[in-house]
Amino acid sequence: MKTKKQFTTYFIALAVVVLVLVIVGITNPAKMYPEAAIADGVAAEGDVAPGAFGTFWSLLPPIVAIALALISKEVYSSLFLGCLTGAMLISNFKPWETLVTLVGKDYGLIANLGDPGDMGIIIFLIILGIMVDVMNKGGGSAAFGRWAQKHVRSRCAAQLTTMALGILIFIDDYFNCLTVGAVMRPVTESHKISRAKLAYLIDATAAPVCMIAPVSSWAAAVSGYVNSESVSGIQMFIKQIPYNYYCLLTIVMMFVISIINLDYGPMLTHEYNAQVHDDLFTTPERPFEGADTYEEGAKKGSIWDLVLPVIVLIITCVIGMIYTGGFWDGESFMDAFANSSASVGLPLGGMLALLFTFVYFWLRGSIGFVKSMESVPNGFIQMIAPILILSFAWTLGCLTKSGLGSSYFVREALSNAGALKKFLPAVIFVIACLIAFATGTSWGTIGIMAPIAVQVFSYDTEPTLCVIGLAAACAGGVCGDHCSPISDTTIMASAGAHCFHLNHVSTQLPYAFTVVCVSFVGFVLAGLIQICWLCLVIEIALMVGTLLVIKAVVSKKHKGMFEEMEMADKALHSA
């Protein structure tokens, strides 16, 4: 916290949190678990539940974490205090039980860091960190930067290239974030595109693209939530794609803002500083300082020193994914992908690609054995920040969903829809947005909301509304996850772009909110009209029109800034 005002605001917020906790503790004493939780096997009959279980207050921990992070611009303490709030609520404010809950094996840090799925993602992060450092030491990053300066000749082309690469790597959002960042940092840097803008482009082509790709880890997850006798999960996933407005319109928005050179909100300041003042970061925080100093190997690098390891990484990760889904046990490719485990398949593929990368650079003579081994600790160090944030974020999500039963609060809220059934997709979208934003997990949110949407709208009697409801649940989960400062994909997009995490969050929120508003209108129309192609055409037209209006307003309001940026861009590309 850099100013006295910010410091004062932070402690006022802490005082408010303490007051709220006191009120919650007094008004929500310990109680028995609800019948729904007992039926789901969460607890046994007669077990005592936290007073906040299944109530609005189950969402208090993530609200505390997000609010404090936005006030203080410091994410570690904010996440810790959010986790501490959750532990206090679960333990009914008993001091020793609070500590046990925070650290312990039920919902705490040990439970999450001991989870094989979470640990698999951490291993994959470390492997990618090592690979990036090896490619840097071998001269691959520097060579790709030189190639980009010759062939990617404009800021628009650099942004569209980033977007295209993100769309091509649709297998998994974690893989997407780190790979696109590693490849495109030297390209965007050569065109003075800010780290915040790069982080947005990475994040916006991660989960949104995976959610509309039938062959992805997301397709596998969603299809597992909605299997029924009438239709298979993968069929439902494919049917929801044209109605998944947030994901589709996010891609439309990226394309349009790149073409018409539009920036607004805090992003405009970052882009102005990058172009005019040659400052890619704007704020003094440099969590990846030194990692962007691209080295030349003993032998001058080639573009293939970066491209080839990335291609091998993609291939081996696909192999790893389908291996975990039983492809070599006789399953079809699609079924293997539907049953795959990203947390196992990605580390398997990553390890193979890492071994290839070491051997490739040794045979090339770019770096020797000793220097290449320096990349092991260096790559790990580069990933410490995202690993710490992920550990706290996973713990916070577990405390909220499993410990405090936030899903039961949501089910109860949706059970009273009544005559507003045609407006329910829009309601589902908003609720999914809020849950994913608060918990930082799109998969967890979709796991809560998708079965509810399928139950509310029977596919046998209302197939179109059922598909729209599922699309709303998926779109809302991705949207909230995309915006949330405690989301794992948001964290990894920051890591991939080497951007200070809270800069990424604050700059992309206005962009995401623009798409949210247009998507909300789309789900209202879809519930009423229920004609797929017509709703999609209206939504795309509305999205483009909204951006053109914003362009006209912002260009007039910040005319001087845009003129300076245009002059700086002309000077850069005429040099």
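None of the figures in this text is laboratory data; all of them are computed from the coordinates on show. Since the structure is predicted, the reported quantities are computational estimates derived from the model, not experimental observations. Every residue, glycine among them, receives a Cβ derived from its backbone with ideal geometry; neighbour counts consider all protein chains shown.
A straight Cα-to-Cα reach below 16 Å connects Lys401 with the lysines Lys105, residues fewer than 8 places away in its own chain not being considered. Which of the pairs Lys4/Lys94; Lys150/Lys192; Lys4/Lys192; Lys197/Lys559 have their Cα atoms more than 24 Å apart in this structure? Among Lys4/Lys94; Lys150/Lys192; Lys4/Lys192; Lys197/Lys559, the Cα-Cα distance tops 24 Å for Lys4/Lys94; Lys4/Lys192. Highest mean first, the peptides 555-568, 343-356 sorted by other C-beta atoms within 10 Å per residue fall in the order 343-356, 555-568.
With contacts taken as Cα pairs under 8 Å and at least 6 residues apart, the chain reaches a relative contact order of 21 percent. With the Cα gyration tensor of the chain giving a ≥ b ≥ c as the square roots of its eigenvalues, does the rule (a/c under 1.5 for rounded; else a/b larger than b/c for prolate; else oblate) give rounded, prolate or oblate? Note, shape of the chain comes out rounded. Does segment 49-94 classify as rounded, prolate or oblate by the C-alpha gyration tensor (a ≥ b ≥ c root eigenvalues; a/c under 1.5 gives rounded; else a/b over b/c gives prolate, otherwise oblate)? Judged from the Cα gyration tensor, segment 49-94 comes out oblate (a/c at least 1.5, b/c at or above a/b). Packing around the peptides 434-442, 194-202, 360-368, taken as the average count of other Cβ atoms within 10 Å per residue, puts them in this order, highest first: 194-202, 434-442, 360-368. Averaged over residues, the count of other Cβ atoms within 10 Å places the peptides 129-140, 307-318, 83-94 in the sequence 129-140, 83-94, 307-318, highest first.
Counting only Cβ charges, +1 for Lys and Arg and -1 for Asp and Glu, the dipole size of the chain around its Cα centre is about 1460 debye.
From helices alone, the chain scores -23000 deg cm²/dmol at 222 nm; the rule is -39500 (n - 2.57) for each run of n ≥ 4 DSSP H residues, then divide by the residue total. Classify segment 1-91 from the C-alpha gyration tensor, please: rounded if a/c falls under 1.5, else prolate or oblate depending on whether a/b exceeds b/c. Prolate. Relative to the Cα centre, the charge distribution of segment 1-65, modelled as +1 at Lys and Arg Cβ and -1 at Asp and Glu Cβ, gives a dipole magnitude of about 740 debye.
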